[in-house]
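A quick write-up on the structure given underneath.
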Amino acid sequence: STDPVEVRKFGYDLSVRLTTWGVTAFLVGEYTDEEIKHQPIFAIADGIIRLQNQPLGLHFQRYLDVLKLRGENYFTGLHPFEISETGIEVYPRIKMLKNLWMKTQVSQEKLSTGIPELDRMLDGGLQHSTATMVAGGAGTGKTLMGLHFIVAGILKGEPGVIVTFQENPQQLKAIAMSLGWDLEAMEKQGMLVHMYDSPVELQPDIHAAKVKAVVERVKARRIMLDSLKDIEIATPNKVRYKDYIYSLVNQLKLQGVTTIVTNEIGELFGPFQLSEYGVSFVVDNVILLRYVELSGRIGRAINIMKVRGAPHSKEIRFFEITSDGISINEVIEAQTGVLTGMPVFNNNYFNNNGFKELLNQSRNIMEILQGVEEMDINELANRTGFSPQELIHELENLKQQGMVITWESQNTTYYKSTI
Ligand SMILES: Nc1ncnc2c1ncn2[C@@H]1O[C@H](COP(=O)(O)OP(=O)(O)O)[C@@H](O)[C@H]1O
Ligand SMILES: [Mg+2]
């Protein structure tokens, strides 16, 4: 019937009968979004589950969402699902985890990065259950650094997971083999799982669920995600991308895994761009790899940008990649400009250690402030791992440079980035 009154009567009649019969009924139909809004049957139904298809890369992704569930709480939003021989599998949309700080186990254990000199720069290694971003231009050695970390764990009996979007299993095995690491043998021993996905067809919720399952299955202690840039490209919605990375990293922390994520930054030389580190607030530690030109020679440089709640080296050092992997060499004894790729030597500056310190801390603070409306000193201390006393000193400097403004409200001082 096309008569709305008659359809409504029929629907009402049907629902009354079904209720008196004591059955739980599933009514199935094909409707447009407009029809769902206006057709009376949807007003009568106790629950509405909508299934739909949306383009994702070169194929379509199925999604399920609950539009209504009378008298019950439900998880809103689009949840991807897949249909296979075993039926329907739903991957609930990844969501922000609350009260994370209470749930993560605080452990002072440090994990070796597999690069002895880097461990020393990190005051012993990477703290257990933390996340570290290795950021750098193409070819700087990010993937190799991640491999060092994973292999170091496996050699100590700690299972690892590698997630890549660029190198497929054959390519990664060949790269590792050129450094003397037999990934295939490690996989056969059940110590390593390599998950390779094309970024073109990445569905973040499904991906996160699969990563979680693999980590549980192999009881992984270490994971490398290579790289965030690929996930970013695959997730055009920027807010969604940040939420996703935040949720994934925190999920891994709750699982007790120590994480290295790589992130490709655009410029190889040239000035440092804070915006490139858009998601670095999510991670605890940031290691920066760069090309530098010194005395007409191009080399690679490494420095540790931040380590949450622990001391670390502030040095900028040369490093090399050989068939033995990454080896860290001498300190670059230039004072300014190393991170821009064009170091300037200045002994007066160099003798003033405080300046280097300020450079790193200020960056760290500005990076965090740029990601929020405003922040008070305690929150800032939490985020940076610096004490409020240290921060006040830095913030005063930044204020004088016009990069930060402050105001008071209810006995609290708030800081806001002006750039
Ligand atoms: N066995 C090896 N011996 C010497 N250099 C190597 C070896 N394997 C890789 N490299 C160097 O490492 C670099 C690539 O590092 P990689 O970690 O893939 O960079 P990224 O992930 O930052 O793009 C290449 O420039 C290559 O020259
Ligand atoms: Mg790489």
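Below, the figures for the structure above:
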| item | result |
| --- | --- |
| Cα centre as origin, Lys/Arg/Asp/Glu Cβ charges: segment 1-79 dipole, Debye | 180 |
| Segment 1-153 - charge dipole about Cα centre, Lys and Arg +1 at Cβ, Asp and Glu -1, debye rounded to 20 | 420 |
| Intensity falloff of segment 4-90 expressed as log10 I(q)/I(0), Debye formula with alpha-carbon point scatterers, at q = 0.10, 0.17, 0.21 Å⁻¹ | -0.33, -0.87, -1.15 |
| For residue 110, net neighbour charge (Lys/Arg +1, Asp/Glu -1) across residues whose Cβ lies under 14 Å away | 0 |
| 10 Å beta-carbon shell around residue 141, net charge (K/R +1, D/E -1) | +1 |
| For the chain, calculated [θ]222 nm from helices alone, where every DSSP H run of n ≥ 4 adds -39500 (n - 2.57) | -10500 deg cm²/dmol |
| Rounded to the nearest 10 Å², the accessible area of residue 143 at probe 1.4 Å | 30 |
| In segment 97-205, the GluC sites (Glu not before Pro) that fall in loop regions by DSSP, at most 16 other Cβ within 10 Å | 109 |
| Under 5 Å, built H, 5+ apart or other chain: amide partners of residue 385 | 309 |
| Hypothetical label at residue 86: residues of segment 178-214 whose amide nitrogen lies under 16 Å (7 Å Cα-Cβ projection) | 206-207, 209-214 |
| Charge dipole of segment 4-90 about the Cα centre (unit charges at C-beta), most positive-ward option of 40, 5, 73 | 5 |
| Label point distance in nm, residue 48-residue 196, each placed 7 Å from Cα along Cα→Cβ | 4.5 |
| Charge context of residue 326, other residues only, Cβ under 10 angstrom, K/R +1, D/E -1 | -2 |
| Over 36 Å [Cα-Cα, the chain], rounded percent | 38 |
| Solvent-accessible surface (1.4 angstrom probe) belonging to residue 112, in square angstrom, nearest 10 | 30 |
| Trypsin sites (Lys or Arg not before Pro) lying in DSSP loop within segment 21-83, provided at most 12 other Cβ fall within 10 Å | 70 |
| From phi via Karplus (6.51, -1.76, 1.60), per-residue ³J(HN,Hα) for segment 136-151 in Hz, x at Gly/Pro | x, x, 5, x, 6, x, 5, 4, 5, 5, x, 4, 3, 5, 5, 5 |
| Heavy-atom accessible area order for 86, 412, 164, largest first, 1.4 Å probe | 86, 412, 164 |
| Lys, Arg +1 and Asp, Glu -1 on Cβ, resulting dipole of the chain about Cα centre, debye, nearest 20 | 580 |
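The values are calculated or read from the model by the stated rules, or taken from the named source; none is laboratory data. Source: prediction; values computed, not measured. So basically every Cβ, Gly included, is an ideal-geometry build from the backbone, and we count neighbours across all protein chains shown. Please note that ligands, DNA and RNA were not included when accessible areas were found on the heavy atoms of the full protein model with its side chains. Shrake-Rupley method; radii C 1.70, N 1.55, O 1.52, S 1.80 Å.
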